[in-house]
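Comments concern the structure below.
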Amino acid sequence: MSNIDFNKSHVSFKPTAALRDPTELVAHGLASVADLPDLEKVAARYAIAVTPAIAALIDPDDPNDPIARQFIPSAAELVTGEGENADPIGDYPHSPVSGIVHRYPDRVLFKLVQVCAVYCRFCFRREMVGPGKGTALSQGAYDNALAYIRAHPEIWEVILTGGDPLMLSPRRLGEIMADLAGIDHVRIIRLHTRVPVAEPARISAEMIEALKVEGATTWVALHANHARELIGKARAACADIVDAGIPMVSQSVLLRGVNDNAAALEALMRAFVECRIKPYYLHHGDLAPGTAHLRTTLEHGQELMRSLRGRVSGLCQPDYVLDIPGGHGKSPVGPSYLSPANSFPGEREVTAETRYRIVDYCGDVHLYPPKP
């Protein structure tokens, strides 16, 4: 893990607005002049935005800075790897009407906007979000999406995503929350966001008030990938949400050079718990175009999850999941600690009950149930 002070802001010439062009990144010392031609090619295809809050976390003197690796474009994004495609988790086949993805029976994704405060270089929707990709659903499309939700009583949870739903104004977000809460069978409204980390000033009293609604329970899922993202104003923004009675969970992506070592992953999960955010999902990197340089292997992810077990509190344990390409949904892919013990050395079939060999977090093997 980096030995950089987590409470230090690194950019000496702090931007006052989001940096959206490679020339601005160069001017602020966040990219090299030599890389500018390639970065212009990346910018022609994928959106770029680095907010002042994120820029302040980047150490421009560290070529391997884990924050920069998430948000500063790279020439590696111009290379499309084997199996990568524009819809890596299969949103389109499960989209019955514009803005809705209905992959699981009891919940839907509701993609309200196509813009974000920051654009992650590994985003699985990178071909669908950003300037020029549309900004928000039309009123007609919005009405059709609500009608779909109303017509499907099995939908218990609506997950607001996009883009980032907290890019909406508090007024508009409040209207949407009220519309959804007015549907009897919708009991949970979950919002997926990076805003508390990327642009914490947006978490105003008005925004929090918009999140609270009669008739449904609100949850907020925060996306962060490195402990350094959860400092200062970001922690305060999360505290304001939780203090308002809105529970929070986390989402992270396992990223090479960002959090793919035990120390960094432990620090991240502990930071979430310190902020009263329950670790929820650790995603294996999706097969989005131009992201191979940021993906790890599944085996490495399993090793890291095994390293968490027993070394950090149970509160700090996320589910390591793979979104199966083609729209087949998430599957847990963490290490297994259980296997049949029939062939365990020295073990005999002495009872009718199946016995298992189980591996503890130190790698030691045990039998369950124990021998009488």
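The values are calculated or read from the model by the stated rules, or taken from the named source; none is laboratory data. Computed from a predicted model, the values in this text were never measured in an experiment. A quick note on method: Cβ atoms are made from the backbone with ideal geometry, for glycine too, and the neighbour counts reach across all protein chains shown. Note: accessible area is taken over every heavy atom of the protein model, side chains too, but ligands, DNA and RNA are not part of it. Shrake-Rupley method; radii C 1.70, N 1.55, O 1.52, S 1.80 Å.
Mind listing which trypsin sites (Lys or Arg not before Pro) in the range 274-330 are in a DSSP loop and have 11 or fewer other Cβ atoms within 10 Å?
Within the range 274-330, no trypsin sites (Lys or Arg not before Pro) qualify (loop, at most 11 other Cβ atoms within 10 Å).
Selection among GLY163, ALA31, SER307 by position relative to the dipole of the chain gives SER307 as farthest towards the positive end (Cβ unit charges, Cα centre). Surface composition of the range 33-123: carbon plus sulfur atoms contribute 56% of the solvent-accessible area (1.4 Å probe, protein chains only, all chains present). Of interest is the spacing of the C-alpha centroids, which for the range 34-65 and the range 67-129 amounts to 19 Å. Of the beta bridges in the chain, as assigned by DSSP with both residues counted there, near 35 percent are antiparallel.
When VAL101, VAL365, VAL359 are compared by accessible area of protein heavy atoms, the largest-first order is VAL365, VAL359, VAL101, using a 1.4 Å probe. In the chain, with Lys and Arg counted as +1 and Asp and Glu as -1 at Cβ, which of these residues, THR16, THR51, ILE188, has the Cα nearest the positive end of the dipole, that is, farthest along it? Farthest towards the positive pole: ILE188. Pairs exceeding a 27 Å alpha-carbon distance, out of LYS41/LYS278; LYS41/LYS330; LYS14/LYS233; LYS111/LYS278; LYS14/LYS41: LYS41/LYS278; LYS41/LYS330. Can you give me the long-range amide H partners of ALA136? Hydrogens built in the peptide plane at 1.01 Å from N, cutoff under 5 Å, separation of 5 or more residues or another chain. Residues meeting the criterion, in which the H sits 1.01 Å from N, are GLN114.
Would you mind telling me the share, in percent, of accessible area of the range 203-324 contributed by carbon and sulfur at probe 1.4 angstrom?
Answer for the range 203-324 is 53 percent, counting heavy atoms of protein chains only.
Would you mind getting the accessible area per residue of the range 200-321, heavy atoms of the protein chains only, 1.4 Å probe, in Å²? Don't skip to the answer; put the middle values down first.
Details: 4520 Å² over 122 residues.
It amounts to 37 Å² per residue over the range 200-321.
In this structure the amide hydrogen of ILE324, modeled in the peptide plane, comes within under 5 Å of the amide hydrogens of GLY329, LYS330, SER331, none closer than 5 places in sequence on its chain. The magnitude of the dipole of the range 110-199, with charges of +1 and -1 set on the Cβ of Lys/Arg and Asp/Glu and taken from the Cα centre, is near 340 debye. Along the range 189-197 the Karplus relation, 6.51 cos²θ - 1.76 cosθ + 1.60 evaluated at θ = phi - 60°, assigns HN-Hα couplings of 10, 10, 10, 9, 8, 10, 4, x, 8 Hz to successive residues, with x for each Gly and Pro. Label sites at SER138 and SER313, each approximated as a point 7 angstrom past Cα along Cα to Cβ, lie 5.0 nm apart. Here the chain is assigned +1 on the Cβ of each Lys and Arg and -1 on the Cβ of each Asp and Glu. Its dipole about the Cα centre then comes out at about 400 debye.
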